[in-house]
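Have a look at the structure below before the remarks.
The values are calculated or read from the model by the stated rules, or taken from the named source; none is laboratory data. Here the structure is a predicted model, which is why all the values come from computation and not from measurement. Every residue, glycine among them, receives a Cβ derived from its backbone with ideal geometry; neighbour counts consider all protein chains shown. Side chains included, ligands, DNA and RNA excluded: accessible areas come from the protein's heavy atoms. Shrake-Rupley method; radii C 1.70, N 1.55, O 1.52, S 1.80 Å.
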Amino acid sequence: MRKRRPMSPRLYNPPPPMSEKDWQAQVVQLAGTFGWMVQHSRPAQVGDRWMTAITGNVGFPDLVLAHRTKGVIFAELKTEIGRMATAQTDWRDTLAGHVEWHLWRPSDLDAVMRRLSRAA
């Protein structure tokens, strides 16, 4: 009788972490699916630098979502380990008491879907 070769353990290779760019694309797609208007200021390459042309304070939330019946949302998007810069927390602290503001990470997908699908 032949001896069986010991089985090597199968290692689980988790998928790579979702980038902020991919996460944003997913949120924007979901927002469109549920009828939201979306505003995002994209950076552009100027010479050898990337810049977002703005007038005013830096750190404004990544997305502004607006719906005729579901409200207005200001959303900052981060990866699972991403941290907000001081300018972003200043915007959060200023907006959060007056408008609907969220910090959304890929692990918040279910909550994002629930919020975008329901009325304000």
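How many of the residues in the range 48-58 are outside any loop (DSSP other than H, G, I, E, B) and open to solvent by less than 80 Å² (accessible area, probe 1.4 Å)? Residues that pass the stated criteria total 0. Residue count for the range 39-89 satisfying the condition of being acidic (Asp, Glu) and over 15 Å from Val112 (Cα atoms): 1. Looking only at residues in the range 59-114 that are open to solvent by less than 70 Å² (accessible area, probe 1.4 Å) and of a type in the set (Ser, Thr, Tyr), the one that is farthest from Pro15 (Cα to Cα) is Thr89. Please find, within the range 9-47, the residue that is most open to solvent (accessible area, probe 1.4 Å) out of those that are hydroxyl-bearing (Ser, Thr, Tyr) and assigned to a loop (DSSP other than H, G, I, E, B). The residue in question is Tyr12. For first residues located in the range 103-120 and more than 15 Å from Ala31 (Cβ to Cβ) and touching a residue at least 12 places away in the same chain (Cβ under 8 Å), partners that are part of a helix (DSSP H, G or I) and open to solvent by 60 Å² or more (accessible area, probe 1.4 Å) and lie 6+ apart or on another chain with Cβ distances below 8 Å form the pairs Leu103/Arg92. Of all residues in the range 85-110, those being within 12 Å of the chain's Cα centre (by Cα) and of a type in the set (A, V, I, L, M) number 2.
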